[in-house]
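Taking it in order: structure first as structure tokens, then the write-up.
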Amino acid sequence: MSDMKRILRHSRITLNTRLRVCGACLITFVVFLEIFSMSEITDNEYIHIFNSEEVPNASHKTILLWTSLFNNNTWTLPNLNIPSCPKYYPNRCELTTDRTRLVTSDVLLFHSGDIDELPSIRRTGQIWVIFNMEALPNIRQSLKQFNGLFNWTTWYRTDSTVPMVYGYALKRPRRDMELSIDIFAEKSKMAFWAASNCDDPVHRYKVVHELKKHVDVDTYGRCGELVCDKTDKECFKKLTDYKFVLSFENSHCRDYVTEKYWLALRRRQIPIVYGGADYESLVLPRSYINVRDFTNLSALATYMIKVAANRTLYNSYFDWMREYELPPCNQEFNEHCFDLESYFCSLCGALHDRTTPSQVYSNLHGWATNDLPQCQEFSYFRLFNPFRLLGV
């Protein structure tokens with residue numbers, strides 16, 4: 001198969017989808033005209049903020065899940081139940097997948113990877129939210145087609161409207177200095193690396209290959225030498241034997257810290273991180289070792305060997321356990337442990353927040369691509385403009 005055919009196969013931008021998007025753009029334009037007639041617009045480089053008339057603060061908000069989440073219609077929530085959200089607004093938001101409630105819904109939620117059609121109508125004041133957890137280089141669709149459509153973003157980025165993170169920790173009511181921490185005694189192996197995405201724009205394999213010259217590293221997954229079914233409890237136990245895990249991100253983008261880091265903490269290991277995020281501001285203090293803190297991989301390996309041989313030094317990387325704890329995870333042995341219940345509580349809170357402005361991402365593509373130099377969109381979209389097919 002030619003490169004172009006393969007690219008087109010991976011790209012989810014079909015002609016029908018583009019036509020639907022264009023129809024939605026027309027709908028959005030009509031909404032803009034209505035808002036223009038009653039408000040002044042404050043321009044932002046990527047976002048239009050509308051100084052619109054105050055919207056009535058309805059005590060009940062309906063969130064319509066317009067798409068599935070990775071083909072899961074309930075977004076992993078049984079019976080679409082949102083738990084009570086005491087930090088926000090208990091029992092004041094409802095989830096539904098019933099598209100006949102399109103006009104009466106306050107919010108429409110779209111998972112970017114599952115968008116195959118858009119609504120044919122759009123009510124004024126209705127909020128459209130785009131949900132995405134993929135790093136920019138891994139998004140296989142052009143975000144330009146969504147310019148002017150979505151009011152809010154849910155991204156792993158902290159500057160999105162309602163952020164969604166891969167993991168988090170809860171602060172204990174009080175620091176537990178009496179907690180006995182001897183993780184060192186639990187470990188018998190050195191380090192492992194697991195990867196299933198074998199694309200390597202950030203040269204992870206080169207780093208792993210070079211590091212293996214200095215320290216023992218077992219490799220698992222489609223891109224490694226060993227096999228371990230990540231949904232199997234025995235696999236989970238096998239991986240916990242390692243002192244370190246190479247938590248290398250497949251894309252180096254702003255704020256992109258995935259389950260690779262958080263699963264290491266759940267397995268009580270020290271993650272060796274390599275990514276583009278500011279780890280110091282995003283994760284637990286002194287819970288990781290950063291590749292970028294060393295002048296070369298030989299120096300990193302020397303330090304790993306030092307930590308692995310010193311009980312006190314190794315255990316010091318788990319001092320965070322005295323002050324923080326990880327929330328329960330019902331998918332402990334799975335690849336992801338998204339806390340979607342907390343996310344929907346956050347979304348519900350934002351909907352009831354009277355200070356949240358009326359807005360639209362007029363340039364979603366520009367916002368998403370405003371990232372680190374090494375975090376660029378999928379090469380196909382940098383080289384080829386699919387909108388040429390529509391004469392745009």
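The values are calculated or read from the model by the stated rules, or taken from the named source; none is laboratory data. Predicted model only: the values in this text are computed from it and were never measured. For neighbour counting, all protein chains shown are included, and Cβ atoms are generated from backbone atoms with ideal geometry for every residue, glycine included.
Within the range 194-215, restricting attention to residues that are outside any loop (DSSP other than H, G, I, E, B) and of a type in the set (A, V, I, L, M, F, W, C), the residue that is farthest from E249 (Cα to Cα) is L211.
Summed over the range 166-207, the residues that are of a type in the set (D, E, K, R) and under 26 Å from the mean Cα position of the chain (by Cα) give a count of 6.
I'd like to know if the range 173-193 contains one or more residues that are farther than 26 Å from F244 by Cα and out of contact with any Pro (no Cβ under 9 Å at 6 or more places or on another chain). Checking the range 173-193: at least one residue is farther than 26 Å from F244 by Cα and out of contact with any Pro (no Cβ under 9 Å at 6 or more places or on another chain).
The number of residues in the range 116-154 being closer than 19 Å to F378 by Cβ, hydrophobic (A, V, I, L, M, F, W, C) and under 18 Å from the mean Cα position of the chain (by Cα) comes to 7.
Condition test on A277, is it part of a helix (DSSP H, G or I) and among the small types (G, A, S)? It is false that A277 is part of a helix (DSSP H, G or I) and among the small types (G, A, S). Scanning the range 241-270 for residues that are surrounded by fewer than 16 Cβ atoms within 10 Å (Cβ to Cβ) and out of contact with any helix residue (DSSP H, G or I) (no Cβ under 7 Å at 6 or more places or on another chain) gives a single hit, D241. If you filter the range 287-331 down to residues that are under 23 Å from the mean Cα position of the chain (by Cα) and among the aromatic types (F, W, Y), you find that the one that is surrounded by the most Cβ atoms within 10 Å (Cβ to Cβ) is Y288.
For the range 164-203, a residue qualifies if it is farther than 30 Å from I130 by Cα and charged (D, E, K, R), and the qualifying residues are R172, R174, R175, D176, E178, D182, E186, K187, K189.
Residue selection: C235 satisfies the criterion of being outside the structural domain of P137 (by TED's automatic domain parsing) and surrounded by fewer than 21 Cβ atoms within 10 Å (Cβ to Cβ). Picking from residues in the range 341-381 that are in a helix (DSSP H, G or I) and small (G, A, S), the one that is modelled with the lowest pLDDT is S379.
Residues in the range 177-191 that are more than 22 Å from A264 (Cα to Cα) and either in contact with a helix residue (DSSP H, G or I) (Cβ under 8 Å, 6 or more places away or on another chain) or touching a residue at least 12 places away in the same chain (Cβ under 8 Å) (or both): M177 alone.
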